[in-house]
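Novice: This is the structure, below, for whatever I ask next.
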């Protein structure tokens, strides 16, 4: 069974600074996808970024980028130039290639951007 | 607009009173699933459906039922709710068999309190 671990329950950072959220996972599969989801106070689950395990290049989406280390089974999220609207709960998630499409989530990191 | 609609968004009920949380998607997705979110536990899958009349248990199915009579609808049924089912519930849908990493679309969430 796959597991996803987020070891930082809470983090805070000053506005405009850079912050990195950590995520590790455990799987015996070689083909899978990893995701970061954002959950603001509205509770809506919003996809932030996605990484295919077969791609060595790290995914980027504007101010969001990941550091994907497949051998170490690590998938951290870096937020550059942080904004107040980035305040949210962030979940790391895993889905197996051609599995039952189940997302396995970490326990989340609550990120607060301080003005 | 592509969306997953859950109703109700908030529900307070008493132990043992049957309830149904509805979920509907307008994207013709084959795959639908239910998750519950609890503090410190992240999101955990309750049930999923790969297509009409095809459902299966997720990680925490006890106390829940589902049905998939139509492609667009996937209701979650609590036959006899108990206080340990107090949680935030999410319905999600995605295309299946279209390749890995298909984005999951989430509903707005249903905050259920069982007293």
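The values are calculated or read from the model by the stated rules, or taken from the named source; none is laboratory data. What you are looking at is a predicted structure, and each value in this text was computed from that prediction instead of being measured. Heads up, the Cβs are rebuilt from the backbone with ideal geometry, glycines too, and the neighbour counts pull from every protein chain shown.
Novice: Scan region B:1-26 residue by residue and report those that are at pLDDT below 95 and either in a strand (DSSP E or B) or surrounded by 13 or more Cβ atoms within 10 Å (Cβ to Cβ) (or both).
Specialist: Start the filter on region B:1-26 by keeping residues that are at pLDDT below 95, which leaves B:1-3.
Matches in region B:1-26: B:3 only.
Novice: Among the residues of region A:39-52, are any more than 13 Å from chain B (Cβ to nearest Cβ), within 30 Å of residue B:57 (Cα to Cα) and within 13 Å of the chain's Cα centre (by Cα)?
Specialist: First, the residues of region A:39-52 that are more than 13 Å from chain B (Cβ to nearest Cβ): none.
No, every residue in region A:39-52 fails to be more than 13 Å from chain B (Cβ to nearest Cβ), within 30 Å of residue B:57 (Cα to Cα) and within 13 Å of the chain's Cα centre (by Cα).
Novice: Go through (1) part of a loop (DSSP other than H, G, I, E, B); (2) surrounded by fewer than 18 Cβ atoms within 10 Å (Cβ to Cβ) for residue B:50 and report which single condition fails.
Specialist: (1)
Novice: Going through region B:29-49 one residue at a time, which ones are free of Cβ contacts under 8 Å to residues at least 24 places away in the same chain and facing another protein chain (nearest Cβ under 8 Å)?
Specialist: The initial filter retains those residues of region B:29-49 that are free of Cβ contacts under 8 Å to residues at least 24 places away in the same chain, namely B:39-42, B:44-45, B:48.
Correct list: B:40, B:41, B:42, B:44, B:45, B:48.
Novice: Separate question: State whether one or more residues within region A:69-77 are closer than 23 Å to residue B:103 by Cβ and without any contact (Cβ under 8 Å) to a residue 12 or more places away in the chain.
Specialist: Taking region A:69-77 first, the residues closer than 23 Å to residue B:103 by Cβ are A:70, A:73-77.
Restricting the remaining residues to those that are without any contact (Cβ under 8 Å) to a residue 12 or more places away in the chain gives none.
Within region A:69-77 (the criterion being closer than 23 Å to residue B:103 by Cβ and without any contact (Cβ under 8 Å) to a residue 12 or more places away in the chain), the answer is no, since none of the residues qualifies.
Novice: Report, ordered by the first and then the second residue, all pairs with beta carbons closer than 6 Å, sequence separation of six or more or different chains, a first member in region A:81-109 that is within 7 Å of chain B (Cβ to nearest Cβ) and in a loop (DSSP other than H, G, I, E, B), and a second member that is loosely packed, with under 15 Cβ neighbours inside 10 Å and modelled with pLDDT under 90.
Specialist: Note: pairs meeting the criteria are A:97/A:31.
Novice: Could you figure out which of (1) touching a residue at least 40 places away in the same chain (Cβ under 8 Å); (2) in contact with a helix residue (DSSP H, G or I) (Cβ under 9 Å, 6 or more places away or on another chain) isn't true of residue B:64?
Specialist: In the conditions (1) touching a residue at least 40 places away in the same chain (Cβ under 8 Å); (2) in contact with a helix residue (DSSP H, G or I) (Cβ under 9 Å, 6 or more places away or on another chain), residue B:64 misses (1) alone.
Novice: Loosely packed, with under 14 Cβ neighbours inside 10 Å, closer than 28 Å to residue A:5 by Cα and more than 12 Å from chain A (Cβ to nearest Cβ) - does that describe any residue in region B:65-82?
Specialist: No: region B:65-82 contains no residue that is loosely packed, with under 14 Cβ neighbours inside 10 Å, closer than 28 Å to residue A:5 by Cα and more than 12 Å from chain A (Cβ to nearest Cβ).
Novice: Let me ask another. Can you pull out the residues in region A:16-38 that are surrounded by fewer than 19 Cβ atoms within 10 Å (Cβ to Cβ), under 14 Å from the mean Cα position of the chain (by Cα) and not in a strand (DSSP E or B)?
Specialist: The one that is surrounded by fewer than 19 Cβ atoms within 10 Å (Cβ to Cβ), under 14 Å from the mean Cα position of the chain (by Cα) and not in a strand (DSSP E or B): A:22.
Novice: Criterion first (within 14 Å of chain B (Cβ to nearest Cβ), surrounded by 16 or more Cβ atoms within 10 Å (Cβ to Cβ) and either at pLDDT 95 or above or over 16 Å from residue B:104 (Cβ atoms) (or both)) does residue A:66 satisfy it?
Specialist: Values: within 14 Å of chain B (Cβ to nearest Cβ): yes; surrounded by 16 or more Cβ atoms within 10 Å (Cβ to Cβ): yes; either at pLDDT 95 or above or over 16 Å from residue B:104 (Cβ atoms) (or both): yes.
Taking the combined requirement at face value, the residue satisfies it.
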